[in-house]
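Quick notes on the structure that follows.
The values are calculated or read from the model by the stated rules, or taken from the named source; none is laboratory data. Quantities reported herein were computed from a predicted structural model and do not represent experimental measurements. With ideal geometry, Cβ positions are generated from the backbone for all residues, glycine too; neighbour counts draw on all protein chains shown.
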Amino acid sequence: MATTPALRAGRIRVLPSDIVAQIAAGEVIERPVSVLKELLENALDSGCTRCDVRLAADPAAFLEVTDDGCGMSMQDLPLALTRHATSKMPEAGLFAVTTLGFRGEALPSIAHVARLTIESRATGSDSAVRASARGDQVRLEEIAHAPGTTVRVEGIFDDLPPRKKFLRSPRSEVKAAVRLVTAYALARPDVAMSLEVEGRYVLRLARATSMAERVGEIFEVQAEDGFVKLEGGTPPLRLTGFLGRPERHRSSRDDQYFFVNGRWIQSGLLSQSMRQGYRSLLPPDRHPAAVIMMELPTDVVDVNFHPSKKEVRFANDGWIWNELRRAVEGSLGAALGHVAHASGPEIADAASGAASSHPGGFAPRPGQVTEWPELYRTAESLPMELREKFLAPAGSDGEEDGAAERPTGPQIGVWQLHKTYLLAPIKQGLLVVDQHAAHERVLYEQALRRLRGKLETGQTMLFPLVMDLDAEEFETLLLLMPHLERLGFSFERLSGRSVAIRSIPAGVKRWEDGMALRKLLQEGRRFASESDREGIAEKVARSYACHSAIKAGDSLGPEEMQALIDQLFATSMPHGDVHGRPTLIRLGLEDFERLFGRRRGQPLL
Amino acid sequence: MKFSIHQKDLQRLLTVAGDGVPKKTTLPILSNYLIEARPAGVRIAATDLEISISTSAETAVETPGQVAVNAKRLQEVVRELAKDEVHVQVDAGKFKMKCARSAFELYPMPVDDFPTLAQERATFSARLPAKTFQALVDLTCYAVSTDETRPALGGVLIQITDKEIRFIATDGHRMSKAHASGKFPVEKGEPREAIIPPKALIPVAAWATESDHEVEMELSSAAATFKVGATTLTSRLLQGPFPPYESVIPKDNKKQLIVGREALLSSIRRVAKLSDSVSHQIRFSVRKDRLHLSVSTADIGAAKDDLEAAYGEDDLEIGYNAVYLQDILKSLDSDKVLFTLNSPVSAGVVTAVESKRDATALCLIMPLRLQD
C-alpha cells in the first residue's frame, strides 16, 4: 500500500519563509491585474495629479505605473518592501482607514512573485532612488527621476510555473485592467489618467473638474444625455452618481461601477438592488450602465473583509439594499418623468450646459419619492399642466430662457408617422413616441392600480366569447381569476373546460376574439402558481398591457394621439415601456443642427 | 379623346367619384381618376380596391377615349376654373384642359394600370326610396365595430326578404337592428344577405338624399352594387359569419322606462364630461318616475343629473358607456325613447316612441359592470 510521503507521521515542518511569503502573496496577488490594482491604489494614495499605466499585451510580462505623487525617499523605500510596513495606517486603527491601501502587504508580496523595480523621487528631494527587488533581496541605487514614483513589475509568476499555468489569457487580463483603470478614473476625476497597452492608448483622460465631465469622457456621451443623476440615501449614508438611461441598456454588468468611500468594489448585492430600482424599465437580462458612489461612516462598512479588498461587508445589508433601490427609483422617476415632459427650462438648460444644476428638480414632484403609489399619485395630478407646458405653441409664454424664443413654427399638434410613431413638436425640438410602447406603459400602470385597488369596470358582452381551454390553460385561469376579475373580466364556466367570457375590461381593444386572453393564460403558466401575490399581479399587468396595447399599424385620431401622450406623461415612468424599451425619443434642435451640419459633433441619431 | 363639359357638371362628377379615391395608397394609379369619353357622354371612375365609384354625365364627345389623371390636382384645378365650358382633350400623351382663357396640361398615367373590378352577374336586386335607405344607414352605421379582430363586425349586415329589409350592425357591446317593412319591390332572386362596410353605404345614402333618387341594390357572390341615378358604387362584401344577432335580443325585459330623448341626450352630454376617458361610464339610477344620472371618476370628480321619466317597476342601478348611449339617442328622432330593461348585467333595449323615420330600429346596449 503506497502512502503519500507528505502524510507520513513525524514529517510536519515549518515552511521556509519564502514559501510562506509566496502563499501569503497569493492571497493578494491572484493575477496580474491584482498587481496593477495594488500599484494604482498606491499611486492614488500618494496625492498625485496624474497617473499613467503601461502594459504589455501580456500584462504578466510587463506592467508599469507612474505617478507624480509624494514619492519615497532613500530611507523609506527599503521599508516599503518590508511586509506590513505602511505609511497609511492611521493612529485610530484599522476601522478608520480612509486610504485605499493599508495592509502594507502589496509591494513585498509582489516582490515575491515577480521582478519589481521602483524608481522614486520624494517631494522636495533632489535625488531619486531605484530599488530592484526580488524576493527578500533589494538592491538600491541612485538615479535621475521626475518627482513621483514609477513602479515596474515584470515576469509575474515566472518562478511559479503552477500558478502561471492557471492564469487567465493575456487578453482577459488586459480587459480586466481596462475596467480597473476605468473604475479608478471614475473614482478620481481630479487625477489625469492614461492606460497604454502595447504602446497604444486605450484611455487618455485629462484632469476633470467634475464627476459628470469624467463620466461623459469615459462613456463617450454627454453625461446629461446618457445618464440620470443619482441623489439619495438617508444619513449617514449618502448616495451619488450616475444612472445610465434605461434605453442605453447593456448586455453585461461591465459598465457598472460601485464605490464605497472612494474604493471600487464589486458587489452582486448592490448591482441587484440597483436593477430592482430600474424595475420594468429594462428588458430582462439587460443591465444599466452606472457609476454609484456610496459614502458612509467607516464603522458600518468593513473593507478588511477580503484580502484583495474587492468586496466589502456592510453592517446591515438589507438597509443598504433598500436605500440604493429607493434612491435609484426616486432619481429615475423624477428625472425621466421630467426629462420626458420638460420642454422649456430643462432642455434649454441642457443646451447651455447647466442641466446638472437641476438635479431632478421638477417642481411639483417630491425630490425623494419613496413609495410607488405615491409616485403614481403625484404623476396623475400633472397631465393638463404638462400638456400645456409640453405642446404650448412657441412664443405663447414669456419663458425665462432666450432659446425658447426660437421659432418652432405654428402648432400642428401631434402627427402619426407610418401608423407607428407619434411626432409631437416641443419647444426645443421634436418628440417621437412609439405608440405601442407608450400605450403598453399606460395600460400597465392602469392595470397595476386596478389589481391593487377596487374592482374595475367591465364591459359586458352581447355575444359572450366561448373558449375551450386545455387543462393547463384552465388551471392557469382558475389561479389568475381573482386578478383578471379585478381588471374587469368576468367568466362563466359552461361545461368541462369551456368558459364563457361575459365581460372584458372597458375600453380595451383586441380582446374580442379571445386570442389575447389565451396568450395571457399561456404566459401565465409560468407564474400563476407563484406564492408572491404582488409579483403575480405585476406579471398579469405586464402581459395584459402587452396584449391590449394598440399596435404599430393602428391608425389613431388626433384626440386619441393627444390622449395617449397625455396619459403617457401621467405615468410614473413615461420614458420606458414594460419591457425596458424606450417609449419616446427626444430630438433636440441641437440634434437637427448637427444633422444639417449647422453645428459640430455627432447627432444622437 | 376630346370632349367638352360645363365646369359645374365636371366638378360634380369629380366630387362624387372623389369618395372612391383613397386618401393614402401605395399604388400610385389609385390616386387617379379614370376618365372615359364615350359617344353618349363622360364617365369618371375611382377606386380604392374595396369600393369603386363610377359616375357619368351626358355631354358632347368629339372623340372617345380614356385617360388616367391625378385626382387631387384635377379636382383642385377644376374647382378654381371659371364657370364656363371646359374643353378637354388628350393630345400627344398629355391631358389638356381649356376653360375661358386658362389652359392646363397634366401628365397622365397609363390607363391600363387602372384596376377593373371583376363584374359578376347579380343574383338579386332591390329598390329602396332615398329616405328609407338614409334612415337605415343612420340607424345602424354608428354601431359598426372598429376592432380588427372581428372583421365581419366591421360592416352592416343587410338582409332582404320580400316583406322587409333589415340593416344590422354590432360591435359586441351594442347592436342596432333597423328595418323598413312595407312595400318596396323585390326583383328577381331569393332573399339574400350581405355584409357591407359603412364607407360604401354612407356616400350612397348621401347621393340618394341629395338627388332624391331611388337606390338600386344588386348583390352578387362577391360584391354589392348600388346605383343612384347615373352613379354606381360597387363594394366588396365582408366575409362572415355575422354573429347570431337574433338570439341575443332579450325577450324577457319587463321593466319599461320612458324618457324624453333630447332631455336625456343633453343630460348625458353634461354628466359624461367627467366620466372616465376610457370606459365612459355613467350610472343610471332608475326610480319611480325618475331617472338619476351620475358619474364618479377617480382623480377627476363627480356629477349628477336628474330627469323626469315614466317608470313604475323596482329601482334599478345600471352602468352604461355614455358614448354608446349618445350614439343611440342621436340616431333616433322621436320625442321620447323607451328603455326596456331587466338587470344590471343584461342587455337593455332602446327604441323610439313613435318614430317619424322611414325605418325603425331596435337598439341593444350592454351595461358596464358597476364597480361597487
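Would you mind finding the one in B:LEU364, B:LEU291, B:LEU370, B:LEU274 that is at pLDDT 90 or above and in contact with a Lys or Arg (Cβ under 9 Å, 6 or more places away or on another chain)? Lay out the reasoning, then the answer.
On the way: B:LEU291 fails: in contact with a Lys or Arg (Cβ under 9 Å, 6 or more places away or on another chain); B:LEU370 fails: at pLDDT 90 or above; B:LEU274 fails: in contact with a Lys or Arg (Cβ under 9 Å, 6 or more places away or on another chain).
None of the other options fit; the residue is B:LEU364.
Going by the structure shown, is B:ARG43 among the basic types (Lys, Arg) and exposed (fewer than 13 other Cβ atoms within 10 Å of the Cβ)? Talk me through it step by step, then tell me what you get.
Working: among the basic types (Lys, Arg): yes; exposed (fewer than 13 other Cβ atoms within 10 Å of the Cβ): no.
When the stated conditions are applied, B:ARG43 does not pass them.
Residues checked against (1) within 14 Å of chain B (Cβ to nearest Cβ); (2) assigned to a loop (DSSP other than H, G, I, E, B); (3) polar (S, T, N, Q):
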{"position": "A:ARG542", "(1), (2), (3)": "no, no, no"}
{"position": "A:ILE550", "(1), (2), (3)": "yes, yes, no"}
{"position": "A:GLU560", "(1), (2), (3)": "yes, no, no"}
{"position": "A:THR571", "(1), (2), (3)": "yes, yes, yes"}
{"position": "A:LEU587", "(1), (2), (3)": "no, no, no"}
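Just checking, how many residues over segment B:274-311 are of a type outside the set (Val, Ile, Thr) and assigned to a strand (DSSP E or B)? Please lay out each step first, then the result.
Keep residues of segment B:274-311 that are of a type outside the set (Val, Ile, Thr), which gives B:274-277, B:279-281, B:283-285, B:287-294, B:296, B:298-299, B:301-311.
Next, only the ones that are assigned to a strand (DSSP E or B) stay: B:281, B:283-285, B:287, B:290-294, B:296, B:301-310.
Result for segment B:274-311: 21.
Being more than 25 Å from A:SER132 (Cα to Cα) and part of a helix (DSSP H, G or I) is the filter here, so list the residues in segment A:152-169 that pass it.
Step one: of segment A:152-169, the residues more than 25 Å from A:SER132 (Cα to Cα) are A:165-166, A:168-169.
Answer for segment A:152-169, where residues must be more than 25 Å from A:SER132 (Cα to Cα) and part of a helix (DSSP H, G or I): just A:LYS165.
Name the single residue, out of those in segment B:56-79 being in contact with a Lys or Arg (Cβ under 6 Å, 6 or more places away or on another chain) and part of a strand (DSSP E or B), that is surrounded by the most Cβ atoms within 10 Å (Cβ to Cβ). Give the steps one after another, and end with the answer.
Initially, segment B:56-79 is screened for residues in contact with a Lys or Arg (Cβ under 6 Å, 6 or more places away or on another chain), giving B:56, B:62-64.
Next cut, part of a strand (DSSP E or B) only: B:56, B:62-63.
On the way: B:SER56: 20, B:GLU62: 14, B:THR63: 11.
Across segment B:56-79, the extreme among qualifying residues is B:SER56.
Just to be sure I understand, how many residues within segment B:67-82 are among the small types (Gly, Ala, Ser) and either farther than 12 Å from B:LEU13 by Cα or not assigned by TED's automatic domain parsing to the domain that holds B:MET109 (or both)?
Kept after step one, since they are among the small types (Gly, Ala, Ser), are these residues of segment B:67-82: B:68, B:71, B:82.
Those still in the list that are either farther than 12 Å from B:LEU13 by Cα or not assigned by TED's automatic domain parsing to the domain that holds B:MET109 (or both) too: B:68, B:82.
The number of residues fulfilling the criteria is 2.
Would you be able to say whether some residue in segment A:387-404 is at pLDDT below 80, under 20 Å from A:ILE565 (Cβ atoms) and within 14 Å of chain B (Cβ to nearest Cβ)?
yes
Considering only segment B:334-372, how many residues are more than 14 Å from chain A (Cβ to nearest Cβ) and farther than 15 Å from B:ALA263 by Cβ? So that I can check it myself, show each step before the final result.
Let us first name the residues in segment B:334-372 that are more than 14 Å from chain A (Cβ to nearest Cβ), namely B:334-340, B:351-361.
Those left that are additionally farther than 15 Å from B:ALA263 by Cβ: B:340, B:351, B:354-361.
Number satisfying all stated conditions: 10.
Would you check which residues across segment A:570-589 are surrounded by 22 or more Cβ atoms within 10 Å (Cβ to Cβ), out of contact with any His (no Cβ under 8 Å at 6 or more places or on another chain) and of a type in the set (A, V, I, L, M) and list them?
If the condition is that a residue be surrounded by 22 or more Cβ atoms within 10 Å (Cβ to Cβ), out of contact with any His (no Cβ under 8 Å at 6 or more places or on another chain) and of a type in the set (A, V, I, L, M), then A:ALA570, A:MET573, A:VAL578 are the ones that fit.
Name the pairs: first residue in segment A:503-517 and more than 7 Å from chain B (Cβ to nearest Cβ), second residue assigned to a helix (DSSP H, G or I) and not acidic (Asp, Glu), Cβ to Cβ under 7 Å, at least 6 apart or on different chains?
Qualifying pairs under 7 Å: A:PRO505/A:LEU487; A:VAL508/A:SER548; A:TRP511/A:LEU517; A:TRP511/A:SER548; A:ALA516/A:HIS547; A:ALA516/A:SER548.
Of all residues in segment A:445-473, count the ones that are away from chain B (no Cβ under 14 Å), part of a helix (DSSP H, G or I) and either touching a strand residue (DSSP E or B) at 6+ places or on another chain (Cβ under 6 Å) or surrounded by fewer than 18 Cβ atoms within 10 Å (Cβ to Cβ) (or both).
Residues that pass the stated criteria total 2.
Look at B:LYS188 and say whether it is charged (D, E, K, R) and at pLDDT 95 or above.
On the way: charged (D, E, K, R): yes; at pLDDT 95 or above: no.
So B:LYS188 does not fit the description; no.
Confirm whether B:THR170 is at pLDDT below 90 and either in the same structural domain as B:PRO203 (by TED's automatic domain parsing) or touching a Ser or Thr at 6+ places or on another chain (Cβ under 7 Å) (or both). If you could, list the steps in order and put the result at the bottom.
Working: at pLDDT below 90: no; either in the same structural domain as B:PRO203 (by TED's automatic domain parsing) or touching a Ser or Thr at 6+ places or on another chain (Cβ under 7 Å) (or both): yes.
So B:THR170 fails the test.
Report, by residue number, each residue of segment B:149-184 that is in a loop (DSSP other than H, G, I, E, B), within 13 Å of chain A (Cβ to nearest Cβ) and under 24 Å from B:SER221 (Cβ atoms).
Quick first cut of segment B:149-184, residues in a loop (DSSP other than H, G, I, E, B) only: B:149-150, B:155, B:161-163, B:171-173, B:182-184.
Now restrict to residues that are within 13 Å of chain A (Cβ to nearest Cβ): B:149-150, B:171-173.
If the condition is that a residue be in a loop (DSSP other than H, G, I, E, B), within 13 Å of chain A (Cβ to nearest Cβ) and under 24 Å from B:SER221 (Cβ atoms), then B:ARG150 is the only one that fits.
Could you run through segment B:313-333 and say how many residues are outside any strand (DSSP E or B) and within 14 Å of another protein chain (Cβ to nearest Cβ)?
Start the filter on segment B:313-333 by keeping residues that are outside any strand (DSSP E or B), which leaves B:313-315, B:322-333.
Filter once more, keeping what is within 14 Å of another protein chain (Cβ to nearest Cβ): B:322-325, B:328.
Selection size over segment B:313-333: 5.
Among A:ALA437, A:ALA424, which is touching a strand residue (DSSP E or B) at 6+ places or on another chain (Cβ under 8 Å), more than 14 Å from chain B (Cβ to nearest Cβ) and part of a helix (DSSP H, G or I)?
Numbers: A:ALA424 fails: part of a helix (DSSP H, G or I).
Every option except A:ALA437 fails the conditions.
Are any residues in segment A:188-203 at pLDDT below 85 and not in a loop (DSSP other than H, G, I, E, B), and if so, which ones?
Result: A:ARG200, A:TYR201, A:VAL202, A:LEU203.
For A:TYR278, only one of the following conditions fails: (1) modelled with pLDDT under 80; (2) closer than 24 Å to A:ARG441 by Cβ; (3) assigned to a helix (DSSP H, G or I). What is its number?
(1)
Look through B:ILE29, B:ILE5, B:ILE53, B:ILE44 and report the one residue that is in contact with an Asp or Glu (Cβ under 8 Å, 6 or more places away or on another chain) and assigned to a helix (DSSP H, G or I). Let's see the steps before the verdict.
On the way: B:ILE5 fails: assigned to a helix (DSSP H, G or I); B:ILE53 fails: assigned to a helix (DSSP H, G or I); B:ILE44 fails: assigned to a helix (DSSP H, G or I).
Every option except B:ILE29 fails the conditions.
Return the residues of segment A:3-54 that are at pLDDT below 60, outside any helix (DSSP H, G or I) and crowded, with 21+ Cβ neighbours inside 10 Å; say none if nothing qualifies.
none
Pick out the one residue from B:SER247, B:SER267 that is polar (S, T, N, Q), over 23 Å from A:GLU560 (Cα atoms) and within 14 Å of chain A (Cβ to nearest Cβ). Before you say what the answer is, go through the steps one by one.
Details: B:SER267 fails: within 14 Å of chain A (Cβ to nearest Cβ).
When all the criteria are applied, what remains is B:SER247.
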